[in-house]
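See below for the structure under consideration.
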Amino acid sequence: MKLPKKCTVEHIEKIYEDIRDALGDKKELELDLQDVTDGDVSFFQLILSLQSSQINLKFKNFNDDISTLFQLYELNDFLEG
């Protein structure tokens, strides 16, 4: 699933709905971060919430902007996966 450019609080409800729809009954989802240039704590709370719900998230196409944000929020383990 390709994420939008802005993964911020203003857009998080739509992102959540899109993720929920893409997941359906599955327990695994790949998120494409190629276009993401901006994210805030709401995005990372969503990621952690999904992870704690036994959803296996995989990420692809990290760019410098989003990699820096993952490091800022101390989520380096996701960068390695």
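Scanning segment 68-81 for residues that are modelled with pLDDT of 85 or more and under 15 Å from THR37 (Cβ atoms) yields a single hit, THR68. Identify, please: which residue in segment 58-81 is aliphatic (A, V, I, L, M) and buried (at least 17 other Cβ atoms within 10 Å of the Cβ) and is, among those, farthest from PRO4 (Cα to Cα)? Looking at residues that are aliphatic (A, V, I, L, M) and buried (at least 17 other Cβ atoms within 10 Å of the Cβ), I get LEU69. Considering only residues in segment 31-57 that are touching a Leu at 6+ places or on another chain (Cβ under 8 Å) and over 14 Å from CYS7 (Cβ atoms), the one that is modelled with the lowest pLDDT turns out to be GLN51.
Against the condition modelled with pLDDT under 95 and among the charged types (D, E, K, R), how does ASP21 come out, does it pass? The answer is no for ASP21. Inside segment 24-47, residues that are surrounded by 13 or more Cβ atoms within 10 Å (Cβ to Cβ), small (Gly, Ala, Ser) and out of contact with any strand residue (DSSP E or B) (no Cβ under 6 Å at 6 or more places or on another chain) make up a count of 1. Among the residues making up segment 12-21, those that are exposed (fewer than 13 other Cβ atoms within 10 Å of the Cβ) and within 12 Å of MET1 (Cβ to Cβ) are GLU17, ARG20, ASP21.
The values are calculated or read from the model by the stated rules, or taken from the named source; none is laboratory data. As the structure is a computational prediction, the values presented were derived from the model and not from experiment. Because the Cβ atoms are built from the backbone with ideal geometry, glycine has one as well, and the counts that use them run over all protein chains shown.
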